Amino acid sequence: MGKKFTGTVDRVYDGDTFKTKKGHIVRLANVNAPETHQSGGSTATRRLAYLIANKKVSVTQVGTHGNRKVGIVRVGRKNVNTQMRRWGY
């Protein structure tokens, strides 16, 4: 399994990417939500924000993509990646 870290979510960029207060930019692994400006993007962004905004998350990093860490994200015991996929992303 990959490197693990925790942080409090500072900003949700879109339905699959966010930033922690420590400056980590994280993309959800195996989730492909539309960009905020694309059709359905604002809904995806709101859904991710509902799950993680201003909350402490734990991230298991499984890779990188540019300057972003790609990871499996949890809030408590809830797997955020799984929930976003259940919503169709």
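Bear in mind these aren't lab numbers, they're just calculated from the coordinates by the rules spelled out. The shown structure was predicted, so the numbers you read here are calculated from the model rather than taken from an experiment. So basically every Cβ, Gly included, is an ideal-geometry build from the backbone, and we count neighbours across all protein chains shown.
Some notes on this structure:
- Working from label points 7 Å from Cα in the Cα-to-Cβ sense, the Glu35 to Asn67 distance is 1.6 nm.
- For segment 80-85, the Karplus equation 6.51 cos²θ - 1.76 cosθ + 1.60, evaluated at θ = phi - 60°, returns couplings of 5, 4, 4, 5, 5, 5 Hz by residue, with Gly and Pro reported as x.
- The chain, helix-only ellipticity at 222 nm - DSSP H runs n ≥ 4, -39,500 (n - 2.57), divided by all residues, nearest 500: -6000 deg cm²/dmol
- Backbone N under 18 Å from the Thr6 label point (7 Å along Cα→Cβ), restricted to segment 21-39: 21-24
- The relative contact order of the chain, computed from alpha carbon pairs under 8 Å that lie at least 6 residues apart in sequence, is 32 percent.
- The modelled label-to-label distance for the pair Ser42/Ile25, using points 7 Å beyond Cα in the direction of Cβ, is 2.4 nm.
- Look at (1) 3, 14, 24, 25, 21, 10, 2, 0; (2) 3, 16, 29, 29, 17, 5, 1; (3) 3, 13, 24, 24, 17, 11, 5, 2, 1, 0: the one that is P(r) over Cα pairs in 5 Å bins from 0, in percent derived from this structure is (2).
- Loop-located trypsin sites (Lys or Arg not before Pro) across the chain with a Cβ neighbour count of 16 or fewer within 10 Å are Lys3, Lys21, Lys22, Lys55, Arg77, with loop assigned by DSSP.
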